[in-house]
Every structure is written in C-alpha cells, then in structure tokens.
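Novice: So that we are looking at the same thing, I have put the structure below in structure tokens.
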Amino acid sequence: MTGTISNRPRLSRPEDALNPAIGIVHLGLGAFFRAFAALYVEEAMEKSGGDWGILGVSLRNPDLRDSLVPQGCAYTACELGPDGETLRIGTAVRSILVAPESPDAVLDAMADPAVRIVSLTVTEKGYCHAPSTGKLDFTHPDIVADLADPERPKSAPGFLCRALDRRRKAGLPPFTVLCCDNLPENGAMLRGIVLELAGRMEEDLAAWIEAECSFPCAMVDRIVPATTEADIERLTERTGVFDAAPVMHEPFRQWVIEDRFTGGARPDFGAVGVEMVDDVRPYEHMKLRCLNGTHSALAYLGYLSGAENVSEAVARPALASFVRHLWSKEIIPVLTPPPGVDLHAYADALMDRYSNPRIRHRTWQIAMDGSLKLPQRLLGSIAENLAAGQVPEGLFLVVAAWMRYTSATDENGETIDVRDPMADRLRAIWEKGGSLAEIVQAYLAIEEIFPVSLASEPAMHEGLERALGTLIDIGAEKAAAHLTEHA
Ligand code: CS2
C-alpha cells in the first residue's frame with residue numbers, strides 16, 4: 001500500500017447506519033458474502049426491520065478482521081457497471097471473530113438464542129467432502145482433528161455440530177443452516193455431511209439434528225472478482241477515504257432459496273428480490289452448469305491460451321464461439337429450465353456479463369480447486385449427454401484442459417501455480433507419464449472426482465484421449481476453434 005493512501009482518513013461506520021442486534025452468524029467472511037448475501041440482508045432490514053445483524057467468522061486467518069474492525073466492520077461495495085462504478089457502504093456485518101483464535105467464542109455466538117441462522121460461504125473445499133459423492137471425508141485432517149477435540153473445531157461441519165449440540169443441551173431450537181456455496185443441492189449435501197459427523201460424535205445429536213434442523217438449498221449468483229491493490233488505490237483516490245477491504249462486484253445478482261427456515265425466522269428476503277421457492281434444483285442446475293461450467297471452460301482454455309481474465313478470454317472469437325457451442329449443443333439440451341426461464345436468453349445474458357471489461361476476473365482465480373468444482377459444473381452434463389447417446393466433444397475438451405492445467409506446466413513450458421487440494425496428486429500423474437490413454441486412465445481412477453459409473457464409460461476414455469491429444473498437438477485456442485468449425 002502506498003504512503004499517500006495509508007495517510008488518508010479511514011472509512012468509518014456511517015452515523016445513520018442501522019444498528020441491529022446479531023441474528024446471523026456467517027462462516028467464511030470472504031468477498032463474495034460481503035458483496036452478495038450481506039447486502040441483501042441489509043436491504044431486507046432497511047425495508048422490513050428485524051434484528052439480522054451479522055457476526056462474521058473468518059475460519060483461517062485474521063487479515064479481514066484486522067482490516068474491517070478499525071472501520072466499524074463497514075466496507076465499500078463497488079458495483080462495476082459497463083458505464084461506470086457505483087459505490088455503497090455495507091454495514092450489516094457488526095462484528096468479526098477469527099475461529100482459530102477463539103473457537104469457544106464462535107461456538108458461544110452460534111449457540112446464542114438470538115441467532116436464528118448460520119450461513120456459510122466456505123468455498124467448495126470447506127466442506128471436507130468427496131465431490132463425486134457429497135459424502136464427508138473422514139480422513140480429512142480437519143475432520144480427524146474435530147473428532148479428536150470437538151470443543152475446538154477447525155472445520156465448518158465441526159463448528160455446526162458442536163454449536164447445534166450446545167443448543168440441544170440448552171433446550172434451544174436449532175438455527176437454520178443456510179449454505180451459500182456453489183455445490184449441488186448444497187443444503188441437502190451439507191445436511192448429510194453434518195449428520196455423518198454428528199453420528200460419529202453422538203447418535204442422539206444426529207437424531208436431533210435430523211428431526212429439528214433445517215438446511216434449505218440455495219442458488220447464489222454474482223460475479224465477484226478478487227479485490228486488488230489497484231482497486232483500493234483507485235477507490236481511495238475517488239473518495240478521499242481509505243478502505244482496507246472493499247469488495248468489487250458486477251451489477252447482476254440472483255439468489256433463489258428454498259423457504260424452509262426453522263420457525264419461519266428469516267430476514268424479509270422476498271421484499272428485496274430474493275426468489276423464495278419450494279425446489280431450487282432447476283435454478284441450481286441452470287446456474288452451476290451454464291455459468292460455472294463455462295466459467296471453468298474459460299478458466300482452463302483461457303489460461304492455457306494466455307488470457308488473463310474472463311473478458312479477455314471471451315474477446316477471442318474462438319473461445320466465445322466455443323462457449324456458445326457448449327451452451328447450445330451440450331449444456332442446455334440436457335437441462336430442465338426453471339419455470340418461465342428461456343435458457344438461451346439466460347446464456348446470452350451470461351455472455352454480456354462475461355464481456356464486461358470492468359470486471360477483471362482472473363482465469364487463474366476461477367481455475368482454483370478444480371478437483372472440487374468439476375463434478376457439479378461439467379461431469380453431470382457429460383453423463384447426461386452420454387446417457388442420451390450424444391458425444392459432448394466440447395465438454396471433453398474442457399476436462400482435458402483442466403488435466404493439462406493441473407500438469408502445472410503451460411503451453412510455453414512455464415510453471416503454473418496450481419491451487420488445488422489435490423495439486424500434488426494430479427501433477428504426479430504427469431510426472432509418471434505414459435501414453436495418453438494411461439494419463440486419462442490415471443485421472444479417471446480418482447474416485448473422489450469421477451463417479452465410477454462415468455469413469456467406466458468407454459466413450460469417456462475415448463473422448464478425453466481425443467481431446468487431450470488435440471490440446472497437446474495444436475494448443476488450447478486452436479483446439480477450441482477446431483471444435484466449433486467441425487461441429
Ligand atoms: C467462479 C464463481 O471462481 C469461480 O469458480 O466460477 O465464483 C462465479 O463467479 C460465481 O459462482 C458467480 O455467481
């Protein structure tokens with residue numbers, strides 16, 4: 001940070017900000033939550049009242065607490081519209097705890113009778129599960145630790161189990177668990193994970209959670225690129241005030257939630273445009289496959305062909321046509337649209353969102369943790385194409401690009417900084433080497449990622465071998481162009 005910036009007055013909590021009591025504990029206080037759910041909660045309180053102040057919990061490090069607490073937990077939310085930036089100050093977060101420093105205080109907060117919702121954005125890897133099945137991974141180091149020392153949890157499922165146990169023993173109703181991560185049937189999946197862990201802790205706890213606790217599924221959507229130093233400097237120049245932790249976001253947002261909150265206790269979400277529905281699945285499939293699926297496509301193929309961010313990637317005709325091909329030929333034909341939604345119009349709107357040049361969403365950022373993202377984003381579409389007798393060459397190319405990316409060496413021989421819990425295991429496949437068929441076989445043998453039913457399909461092996469061969473022979477951008485030209 002430059003000297004001039006740190007000498008500017010610090011952002012402070014506006015005097016007219018609402019001062020609600022804490023009603024929500026949120027695990028995983030990242031940029032996405034502050035640019036999305038926290039703003040909706042604030043608007044709902046402005047419209048309809050309610051004590052839904054948020055206590056945010058950082059599960060790993062103190063950085064965000066250290067940035068936000070000196071500014072009264074207020075932060076700038078900067079909307080990056082195609083014609084300019086619009087600023088607002090988010091104030092729904094009231095206080096912040098850092099879990100490794102004070103796990104007991106986090107559990108106390110979660111067990112407070114005034115808290116009726118615990119929400120989560122801990123990213124795909126925060127659930128300690130096997131992505132192909134959605135089941136808890138009992139060998140995960142955080143889960144091993146949580147079973148050994150349940151009073152000092154490390155994982156999000158560990159905190160949920162322990163806090164729910166405190167409430168049960170105190171004769172309190174449970175809180176609603178509101179998962180806001182990009183996972184398939186996220187509420188149901190998290191419920192399964194919590195029940196598995198609770199069952200290992202105490203059968204009665206699992207039975208109580210099963211009977212009493214609600215885990216609505218939700219679809220969340222807003223593009224929130226990581227904030228950069230340049231963003232902070234630009235905002236400081238513009239406002240004359242230094243905010244150490246602003247968030248950047250696109251104008252678009254969509255939140256669809258199953259309306260199953262314990263005791264009906266929730267902010268008035270319906271008043272601020274959140275869609276409250278009975279079944280989130282069609283919305284979730286649409287979003288995870290159309291948006292996140294093509295985001296991952298642009299991340300891997302874009303990164304390998306030298307595009308630093310998504311808008312740069314879709315400015316390349318080959319990649320833009322490739323993504324359009326994925327939507328129209330391989331993703332949309334196997335989707336059931338949500339009521340009243342035209343999926344082709346949805347895809348057109350996505351292309352506009354991706355093209356917004358103010359959003360500098362790095363392909364490298366989206367490429368992270370692919371081992372946990374692939375199943376819900378791409379593999380479901382592949383399986384359904386194969387079941388319908390179609391060969392999804394484009395989706396094969398995306399999976400092959402992920403394989404190539406996780407070799408950790410790009411097309412020019414430069415090292416890729418692969419961030420993924422499985423990074424070492426994936427790179428080892430390439431270090432061992434072998435024929436294309438052997439490399440594909442080694443990837444498909446990873447059961448945590450590839451369901452056995454899909455990994456045993458000959459068409460899957462053949463398709464991935466073909467795609468990987470083309471990728472290696474002619475490079476990512478040409479492979480994408482080749483595919484649409486010959487489709
Ligand atoms: C992205 C998502 O980083 C990623 O994996 O695909 O964060 C995406 O921007 C959001 O899901 C949009 O709602």
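The values are calculated or read from the model by the stated rules, or taken from the named source; none is laboratory data. These numbers were taken from a predicted model, which means no experiment stands behind them. We place every Cβ from the backbone using ideal geometry, glycine too, and count neighbours over all the protein chains shown. Quick note on the areas: whole protein, heavy atoms, side chains included, nothing else; ligands and nucleic acids left out. Shrake-Rupley method; radii C 1.70, N 1.55, O 1.52, S 1.80 Å.
Novice: Just give me the residues in region 112-134 being under 18 Å from residue 172 (Cβ atoms), open to solvent by less than 20 Å² (accessible area, probe 1.4 Å) and not in a strand (DSSP E or B), in sequence order.
Specialist: Within region 112-134, 115 is the sole residue that qualifies.
Novice: Could you list, in sequence order, the residues of region 256-272 that are basic (Lys, Arg) and closer than 16 Å to residue 37 by Cα?
Specialist: Of everything in region 256-272, just one residue is basic (Lys, Arg) and closer than 16 Å to residue 37 by Cα, namely 266.
Novice: To continue, here is another question. So residue 408 clears everything in (1) farther than 21 Å from residue 312 by Cα; (2) out of contact with any strand residue (DSSP E or B) (no Cβ under 8 Å at 6 or more places or on another chain) except one condition, right? Which one?
Specialist: (2)
Novice: I'm trying to understand the selection: among the residues of region 343-389, which are in contact with a Pro (Cβ under 9 Å, 6 or more places away or on another chain) and without any contact (Cβ under 8 Å) to a residue 24 or more places away in the chain?
Specialist: 352
Novice: Another one. For region 234-255, what are the residues that are open to solvent by 50 Å² or more (accessible area, probe 1.4 Å) and within 15 Å of the ligand (Cβ to nearest atom)?
Specialist: 251, 252, 253
Novice: So, one more: Hey, among the residues in region 272-291 that are closer than 17 Å to residue 336 by Cα and away from the ligand (no atom under 16 Å from the Cβ), which one's most open to solvent (accessible area, probe 1.4 Å)?
Specialist: Only one residue tops the list, namely 278.
Novice: Of the conditions (1) open to solvent by 30 Å² or more (accessible area, probe 1.4 Å); (2) within 20 Å of residue 281 (Cα to Cα); (3) more than 16 Å from the ligand (Cβ to nearest atom), residue 184 satisfies every one except a single condition; which number is it?
Specialist: Among (1) open to solvent by 30 Å² or more (accessible area, probe 1.4 Å); (2) within 20 Å of residue 281 (Cα to Cα); (3) more than 16 Å from the ligand (Cβ to nearest atom), residue 184 violates only (3).
Novice: Next question. Let me spell it out: the conditions are (1) of a type in the set (Asp, Glu); (2) over 28 Å from the mean Cα position of the chain (by Cα); (3) open to solvent by less than 50 Å² (accessible area, probe 1.4 Å), and residue 42 meets all of them except one. Which number is the exception?
Specialist: Among (1) of a type in the set (Asp, Glu); (2) over 28 Å from the mean Cα position of the chain (by Cα); (3) open to solvent by less than 50 Å² (accessible area, probe 1.4 Å), residue 42 violates only (2).
Novice: If you don't mind, another one. Mind checking which residues of region 438-487 are of a type in the set (A, V, I, L, M, F, W, C) and within 14 Å of residue 395 (Cβ to Cβ)?
Specialist: 450, 454, 459, 460, 464, 467, 468, 471, 479, 480, 483, 487
Novice: Is there a residue being assigned to a loop (DSSP other than H, G, I, E, B) and within 29 Å of residue 249 (Cα to Cα) anywhere in region 206-215?
Specialist: yes
Novice: Just one of (1) among the hydrophobic types (A, V, I, L, M, F, W, C); (2) farther than 17 Å from residue 374 by Cβ; (3) in a loop (DSSP other than H, G, I, E, B) trips up residue 418, so point out which.
Specialist: Evaluating residue 418 over (1) among the hydrophobic types (A, V, I, L, M, F, W, C); (2) farther than 17 Å from residue 374 by Cβ; (3) in a loop (DSSP other than H, G, I, E, B) leaves (2) as the failure.
Novice: State the number of residues belonging to region 342-400 that are within 14 Å of the ligand (Cβ to nearest atom) and on the phi > 0 side of the Ramachandran plot.
Specialist: Of the residues in that region, 1 qualify.
Novice: Checking residue 198 against (1) more than 16 Å from the ligand (Cβ to nearest atom); (2) surrounded by fewer than 22 Cβ atoms within 10 Å (Cβ to Cβ), which test does it fail?
Specialist: Of (1) more than 16 Å from the ligand (Cβ to nearest atom); (2) surrounded by fewer than 22 Cβ atoms within 10 Å (Cβ to Cβ), only one is false for residue 198: (2).
Novice: Another question, if that's okay. What's the total number of residues in region 292-319 that are surrounded by fewer than 22 Cβ atoms within 10 Å (Cβ to Cβ) and not polar (S, T, N, Q)?
Specialist: The total comes to 7.
Novice: Considering only region 276-295, how many residues are under 18 Å from residue 187 (Cα atoms) and hydroxyl-bearing (Ser, Thr, Tyr)?
Specialist: Total meeting the criteria: 1.
Novice: Right, another one. Taking into account only those residues within region 206-223 that are small (Gly, Ala, Ser) and touching a residue at least 40 places away in the same chain (Cβ under 8 Å), which is nearest to residue 162 (Cα to Cα)?
Specialist: Among those residues, the one meeting the criterion is 214.
Novice: Considering every residue within region 2-22, establish whether at least one is open to solvent by less than 10 Å² (accessible area, probe 1.4 Å), out of contact with any helix residue (DSSP H, G or I) (no Cβ under 8 Å at 6 or more places or on another chain) and not polar (S, T, N, Q).
Specialist: So far as region 2-22 goes, no, none of its residues is open to solvent by less than 10 Å² (accessible area, probe 1.4 Å), out of contact with any helix residue (DSSP H, G or I) (no Cβ under 8 Å at 6 or more places or on another chain) and not polar (S, T, N, Q).
Novice: Let me ask something additional. If I filter region 170-179 for residues that are free of Cβ contacts under 8 Å to residues at least 40 places away in the same chain, more than 16 Å from the ligand (Cβ to nearest atom) and either in contact with a His (Cβ under 6 Å, 6 or more places away or on another chain) or not small (Gly, Ala, Ser) (or both), do I get at least one hit?
Specialist: no
Novice: Quick one: which residue in 322, 269 is surrounded by 18 or more Cβ atoms within 10 Å (Cβ to Cβ), assigned by TED's automatic domain parsing to the domain that holds residue 78 and either touching a residue at least 40 places away in the same chain (Cβ under 8 Å) or within 15 Å of the ligand (Cβ to nearest atom) (or both)?
Specialist: 269
Novice: Need the failing condition index for residue 210 against (1) more than 18 Å from residue 121 (Cα to Cα); (2) buried (at least 20 other Cβ atoms within 10 Å of the Cβ); (3) not hydrophobic (A, V, I, L, M, F, W, C), just the number.
Specialist: Result: residue 210 fails condition (2) only.
Novice: How many of the residues in region 167-205 are farther than 30 Å from residue 374 by Cα and either modelled with pLDDT under 95 or in a helix (DSSP H, G or I) (or both)?
Specialist: Counting residues in region 167-205 that are farther than 30 Å from residue 374 by Cα and either modelled with pLDDT under 95 or in a helix (DSSP H, G or I) (or both) gives 7.
Novice: Might you check whether a residue that is free of Cβ contacts under 8 Å to residues at least 60 places away in the same chain, surrounded by 16 or more Cβ atoms within 10 Å (Cβ to Cβ) and within 16 Å of the ligand (Cβ to nearest atom) occurs anywhere in region 224-233?
Specialist: No, that holds for no residue.
Novice: Another question, if that's okay. Any idea which of 398, 391 is within 20 Å of residue 482 (Cα to Cα) and in a loop (DSSP other than H, G, I, E, B)?
Specialist: Just a single option satisfies the conditions, and that option is 391.
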